[in-house]
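Notes for the one structure printed next.
Every number in this text was worked out from the coordinates using simple rules, so none of it is lab data. Fair warning: this is a prediction, and the values are worked out from it, not measured in the lab. Neighbour counts run over all protein chains shown; Cβ positions are idealised from the backbone, glycine included.
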Amino acid sequence: MRFEGPAAVAARREELARKDPDVRTLRVCGGPGCLASGSRELLAALKEAAVASGLDPAKRRISFTGCLGLCERGPLLELDPEGHFLRGVAPSDAAEVVGTALGEGKLVPRLSPNPESPEKESLEFYGPQKRLIMRRFGKIDPESFDDYLATGGYEALVISLFESGPAETLRRVAESGLRGRGGGGFPAGLKWKAMTGAKGTPRYVLANGDEGDPGAFMNRSLMEGDPLAVVEGLTIGAFALGAERGIIYVRNEYPLSVARLEKAIAGARARGLLGENILGTDFSFDLSVTEGGGAFVCGESTALMASIEGREGTPRVKYVRSTEAGLWDKPTVLQNVETWANVPLIAANGPEWFKGIGAKGNPGTKVFSLAGETRNTGLVELPLGTKVGVLVNVVGGGVRKGRRFKAIQSGGPSGGCLPESALELPLDFDHLTEAGAMMGSGGIIVMDDLSCPVDVARYFTGFLAEESCGKCVPCREALPVLREVLSDLTRGSGRKGDTDFLEKQAGLLKETALCGLGQSAANPVLSTIRHFREEYLEHESGYCRSGRCRGLYVPVIDPGACRACGSCQKVCPAGAVGGKKKEKRTVAAGKCVGCGACLKACAFFAIRAERKEHVG
Amino acid sequence: MSGERSGERFRDVLRGTIDGKTVVARRGATVLETAESVGIRIPTLCHREGLPPDGNCRLCVVETKGKLVISCMFPVREDGFAILTQSPGVREARRFVLSLMLNRAPKAPAILKLAGEYGAGADPRFSRDPDNCVRCGRCVRACRANRTEAIALVGRGFERSVSGPFEKPPPDCVGCLSCAFVCPTGNILYSERDGKRRIWDKEFRLVPCPECGTPVFTEEQIRFLGEKASGLCPECGRRRLASALRNAEPLSGGSRGF
Ligand SMILES: Cc1cc2nc3c(=O)[nH]c(=O)nc-3n(C[C@H](O)[C@H](O)[C@H](O)COP(=O)(O)O)c2cc1C
Ligand code: SF4
Ligand code: FES
């Protein structure tokens, strides 16, 4: 079982490759989105159907795999090796899928989004993508060690241990320009180099899998879709950094991630790829998983370390780097799990290869979650520097229902909103920050013209106020103040000067808060004011042009554009829309309750949100 | 002293400026200590001598290299440091945190005095249930320093507050008054009557000092301190210590005069 050296690893990989070429596998997406749309039930139904049809289980396999990306159309399936991609597969389809696809390797056309060209890469959603971190999603069973090995797993560790050595491994990572994927984009190499001079043992490598952003699931998909890539990345990092211990800190709401990582660690340990004398060398390193403290702020580095040490997960003032005094005051390198998953790629292929992907100063890819008002949503991996417009209009397929694009919100709750001009912006750390947003963990929400930036700021500020740990004065006391002013503005009780006041307070919060949460909590307010100031000023005087803030507008139907379809009339809960069949409709301002249903319902964009005073 | 040693010493002394004034600092000393050593006053609130620093009030901010840092914890690490303790940015930041603190403790004299200095005022639009506590955690740190750990900061965000477990009178409280003693807003109330002390909704019997009879310690406190407790009030304790030292045998070879 234990690999005593690199030859044993290579031999096992060859053995796996030589295995019966006639094997066919149905890979059921086990990503968070598909699990929610019933892929577990689907998997069970498929397995049952396979037993019933008497297929040879050694040659006709069915397994879960990592997130396939187009979550919204789930449950998704991929047939290996044919590469056929099926979507919206229900348990009732199981018999047909097993018979036609698994049994005969043929396409089930009605379940294919593009029967002409049945691989998923033919879809515009996948076209601009470059799946590096996600390269094994759809190709392996994340719980199978052999699958990982067969797809090139542990090649990078062997290269690091037996060809490169620690200094060269560190040089590769440093030269590659890899930047932290957990939010800040700090160059990993700088952090690693800072550790080389540090004193004290043991040294630690930590992986941040806390992923606290609401709705985010990039890190979860990675930990559940290719857990061994994180384990191998940490092992290579530990080798380069001289660390003896590693800990993966996983959000407490991710029991499946914990289970998969633990299984991956056990598998690696059993094969001598973790523990004492890895692959027969004198390098020893071991890893464990710690479950998170259950608060957003626990993802912050000092809070994370406090939490691992068994203390309350609150941030601490630190004017010393973690590479000097981190966990238990020992030299520590903390990176996001996706950052770690890049390490094997760089260790094996070298920095020049890595720099060839992505943009200058922003090498590599990044996993994004695309949500909001685009036609396609889901998990996406793009080379850094891809234009926002490509993400929105190609991958996302444009804004739903033909509505107008208004903004993207990027970077999670403490990210920012960027206006239409952002479509031309390259998606990378520097451009996003410069524009007043940030990369954050890679959450992108697309907003259409019915979204209100003030309301968006109110939502995120409210989230952050709830998640503030409450330790320092600025964050604890100023976030509720910001939230209150934003609520007033969206309820029509805003005051003249509120916009300036918000801008001032948010600016001071940014400068004085103790940790990154409070410092970045100003972003939603500052970015929306920067790009949508006019709308803020309109809210001060009780008007919301987006028709989002209740009572701050009246819908007015443009008789020139109205096609008399009556859909607004059908959805109005207050009976405020007047007009007979085949007649152009009108809204009785007095009766309107300001719910905005008609604005959403009109397929011809004939309804405007007008200032109340302008309507009789 | 050998040349080498003094060289090391030399490296540990750093030169820089505070508010334009040339200052020498010990490497690793906080900016606050360094400023105080030359008579420059920086306002503090959550900081207190003898308690571990926490850096939560942000009142002691100063400016260095165009950035704000908190002086009670920021160490002086390099030669040529340049620190501003009264720049416009610093004053504005202090005004900001003081205004926010006023929402919680609008009547606390210590805060009102500073607010006056920095032109901070409470905003009635945002003051909600002021309870006179600014959540600086000095009480909690004092209690922890005593190893009683009877009270803690619980809850998060705006709801964070000082409390015993489950918001009940803290079972581990020994009535020592350390918390009340260090509270900057005078928010921790206690009373003493008829040889009894009340604090945190608990009642303690006071034990008279065996020498002068002043009741200072509670029964629980003496029990908690165990062998270390003499039961003497601080006044008598000091007197006894002084006389003990006076009568002590001088250490061999050493000269210790009192
Ligand atoms: C409030 C807050 C929450 C954070 N949450 C996470 C998180 O969930 N995951 C993460 O990787 N980094 C998070 N970070 C950033 C970490 O502090 C740290 O910078 C990061 O893990 C370093 O890894 P990287 O350089 O590879 O990104 C958070 C920071 C703050 C201030
Ligand atoms: S900024 Fe917010 S989260 Fe960070 S220490 Fe201060 S109160 Fe806690
Ligand atoms: S006195 Fe320095 S932060 Fe409170």
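Structural remarks
- Under-5 Å amide H pairs with A:Arg203, H placed in peptide plane, nonlocal only: A:Glu244, A:Arg245
- Against the rule of thumb 2.2 N^0.38 Å, how large the Cα Rg of chain B comes out: 1.25
- Cα gyration tensor shape of the range B:112-152, rounded if a/c is under 1.5, else prolate or oblate by comparing a/b with b/c: oblate
- Straight-distance crosslink candidates among lysines, where the alpha carbon sits under 20 Å from A:Lys130 and sequence neighbours closer than 8 are dropped: A:Lys120, A:Lys139, A:Lys355, A:Lys360, A:Lys366, A:Lys387
- Relative contact order %, the range B:138-243, counting alpha carbon pairs below 8 Å whose residues are six or more apart: 17 percent
- Using distinct alpha-carbon pairs, which all enter the 1/r mean, Kirkwood radius of the range A:312-382 in Å: 15.5 Å
- For the range A:554-614: lysine pairs under 21 Å (alpha-carbon distance), excluding those fewer than 8 apart on one chain: 15
- Applying the Kirkwood pairwise sum to the alpha-carbon positions of the range B:12-126 produces a hydrodynamic radius of 14.7 angstrom.
- In terms of other Cβ atoms within 10 Å, A:Val367, B:Val13, B:Val90 run from fewest to most in the order B:Val13, B:Val90, A:Val367.
- Arranged from fewest to most other beta-carbon atoms within 10 Å of their beta carbon, A:His614, A:His539 become A:His614, A:His539.
- Relative intensity, log₁₀ I(q)/I(0), of the range A:19-127 from a Debye sum that treats every alpha carbon as a point, q = 0.13, 0.14 Å⁻¹: -0.41, -0.47
- Qualifying lysines (Cα of each under 29 Å from Cα of B:Lys113; at least 8 residues distant if same chain): A:Lys471, A:Lys504, A:Lys510, B:Lys21, B:Lys67
- The calculated 222 nm mean residue ellipticity attributable to helices in the protein assembly as shown amounts to -10000 deg cm²/dmol, summing -39500 (n - 2.57) over DSSP H runs of n ≥ 4 and dividing by all residues.
- Shape call, the range A:55-195: gyration tensor on alpha carbons, a/c limit 1.5: prolate
- Peptide-level mean, for A:483-492, of C-beta atoms on other protein chains within 10 Å: 1
- The mean number of partner chain beta-carbon atoms within 10 angstrom of a residue's beta-carbon across peptide A:310-320 is 3.
- With the alpha-carbon atoms of the range A:453-540 aligned to their principal axes, the span from lowest to highest coordinate is 35, 20, 18 Å, starting with the largest.
- With contacts taken as Cα pairs under 8 Å and at least 6 residues apart, chain A reaches a relative contact order of 11 percent.
- The fraction of Cα-Cα pairs per 10 angstrom bin, counted from 0 for chain A, comes to 3, 15, 23, 24, 18, 10, 4, 1, 0 percent, rounded to whole percents.
- Legend: ranking of residues A:Tyr459, A:Tyr204 from fewest to most surrounding C-beta atoms inside 10 Å; resulting order A:Tyr459, A:Tyr204.
- Shape class for the range A:558-605: prolate, because the ratio a/c of the largest to smallest gyration tensor axis (alpha-carbon atoms, square roots of eigenvalues) is 1.5 or more and a/b beats b/c.
- Across the range A:584-611, the residues whose backbone nitrogen lies under 16 Å from the label position 7 Å along the beta-carbon direction of A:Asp558 are A:585-587, A:599-611.
- Take each residue in B:151-162, count the other chain C-beta atoms within 10 Å of its C-beta, and the mean is 5.
- Over the range B:138-243, the Kirkwood radius and the radius of gyration, each from Cα atoms, give a ratio Rg/Rh of 1.01.
- What separates the Cα centres of the range B:215-240 and the range A:209-269 is a distance of 53 Å.
- Taking every alpha-carbon pair within the range A:359-448, the share separated by more than 22 Å comes to 14 percent.
- Most fluctuating residue given options B:Glu78, B:Glu33, B:Glu235, as computed from a GNM of chain B linking Cα atoms under 10 Å: B:Glu235
- Applying Stokes-Einstein at 10 °C and 1.306 mPa s to the Kirkwood radius of the range A:154-355, computed over alpha-carbon pairs, gives a translational diffusion coefficient of 96 µm² s⁻¹.
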